[in-house]
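Let me begin by presenting the structure, written as structure tokens, before commenting on it.
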């Protein structure tokens, strides 16, 4: 039975979610699932890629989220001529007015903020992409051999345009794997689009209010890590990742036929961590298989790579994830006994 302090903490994070969504709705119409996934990633201490065609308010959504969180926000437009020092910062020679001597001084780049919007990340060369990768993984940047720590919380939201791929530098699988979610943003519904046009053509938009401070977010991120998860749910999350690996003994036939590369252990970690955050944001102290299934697509879609044959037949990563979710046993209480679960997971 959860202790009273734990129940109060769960209620605190659920209340924070409701307040955040209320403020975001002042600016953003619809996109409820997208907002939920961004909040799950935030409280899980993960980063996101947002994929969508131009004009779907990706930049506006991210800047609005940063305002509700009282966090510093920097937007970097990734272009083919962007250099690593343009985002990490650089050292310049300045004269010390006291001693008159010249000395090196580090000028921080835009990565020294809490929320980073890496706009069209696939339009910049791999060297600059790699500089961003260090900040995401290590929460630091290295300039001229010196390490500079970044302020926490640190949250990278990168956008990709699924069209106009000419002249782009697709992120390698190893770098894609560092992003917790790949969030797909679709066109709004007819009702939502009507409301968008009304708001943006009639009056000035309402400004969102700040809900959480950086200290609040760090505390809630620690709370997510403390949520207990049963081994059966962890095994369920593992099975979703393991079923996606071609050549593995657990892999079904369609995976061996259609997948070039499957999800690694980081996918299992993010499935469990995201399920914890989703449960807490929903006001529940217990994690279930439903929480894992709810985030399976954003966690796995960029970690399962269809092969040439599958792409020629129009099979997407989302199609493969849906088939994996359909064949893995859903009832975590029955997972160990179900013959469809790989023996290695039930041992």
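The values are calculated or read from the model by the stated rules, or taken from the named source; none is laboratory data. Bear in mind the structure is a predicted one, so any value in this text is a computation, not a measurement. Cβ sites come from the backbone with ideal geometry, for glycine too, and all protein chains shown count toward neighbours.
When 241, 248 are screened for being buried (at least 19 other Cβ atoms within 10 Å of the Cβ) and either modelled with pLDDT under 85 or in a helix (DSSP H, G or I) (or both), only 241 passes.
Selection within the range 186-219: residues that are at pLDDT 85 or above and within 18 Å of the chain's Cα centre (by Cα). The member of this set that is nearest to residue 18 (Cα to Cα) is 217.
Among the residues of the range 167-175, is any touching a strand residue (DSSP E or B) at 6+ places or on another chain (Cβ under 7 Å) and either surrounded by 13 or more Cβ atoms within 10 Å (Cβ to Cβ) or assigned by TED's automatic domain parsing to the domain that holds residue 123 (or both)? Checked the range 167-175: at least one residue is touching a strand residue (DSSP E or B) at 6+ places or on another chain (Cβ under 7 Å) and either surrounded by 13 or more Cβ atoms within 10 Å (Cβ to Cβ) or assigned by TED's automatic domain parsing to the domain that holds residue 123 (or both). With respect to being more than 30 Å from residue 219 (Cα to Cα) and buried (at least 18 other Cβ atoms within 10 Å of the Cβ), residue 117 falls outside the description.
Answer with yes or no whether residue 64 is outside any helix (DSSP H, G or I) and either touching a helix residue (DSSP H, G or I) at 6+ places or on another chain (Cβ under 9 Å) or without any contact (Cβ under 8 Å) to a residue 12 or more places away in the chain (or both). So residue 64 does not fit the description; no. Looking across the range 222-233, the residues that are touching a helix residue (DSSP H, G or I) at 6+ places or on another chain (Cβ under 6 Å) and assigned to a helix (DSSP H, G or I) come down to 223, 224, 232, 233. Filtering 8, 23 for residues that are outside any loop (DSSP other than H, G, I, E, B), over 19 Å from residue 117 (Cα atoms) and out of contact with any helix residue (DSSP H, G or I) (no Cβ under 9 Å at 6 or more places or on another chain) leaves a single hit, 8. The set of residues in the range 253-292 being out of contact with any helix residue (DSSP H, G or I) (no Cβ under 6 Å at 6 or more places or on another chain) and over 18 Å from residue 227 (Cα atoms) consists of 253, 254, 255, 256, 257, 259, 260, 261, 262, 264, 265, 266.
Of the numbered criteria (1) over 24 Å from residue 146 (Cα atoms); (2) over 17 Å from the mean Cα position of the chain (by Cα); (3) surrounded by 13 or more Cβ atoms within 10 Å (Cβ to Cβ), the one residue 64 fails is (2). Taking the criterion of being within 12 Å of the chain's Cα centre (by Cα), surrounded by 23 or more Cβ atoms within 10 Å (Cβ to Cβ) and in a helix (DSSP H, G or I), the residues of the range 39-61 that qualify are 40, 41, 42, 43. Selection within the range 99-111: residues that are farther than 16 Å from residue 47 by Cβ and at pLDDT 80 or above. The member of this set that is surrounded by the fewest Cβ atoms within 10 Å (Cβ to Cβ) is 107.
Does any residue of the range 82-95 turn out to be surrounded by 15 or more Cβ atoms within 10 Å (Cβ to Cβ), touching a strand residue (DSSP E or B) at 6+ places or on another chain (Cβ under 8 Å) and assigned to a loop (DSSP other than H, G, I, E, B)? Looking for residues that are surrounded by 15 or more Cβ atoms within 10 Å (Cβ to Cβ), touching a strand residue (DSSP E or B) at 6+ places or on another chain (Cβ under 8 Å) and assigned to a loop (DSSP other than H, G, I, E, B), one finds at least one in the range 82-95, hence yes. Do we have residue 219 as surrounded by fewer than 16 Cβ atoms within 10 Å (Cβ to Cβ) and in a strand (DSSP E or B) here? No; evaluated as a whole, the condition is false for this residue.
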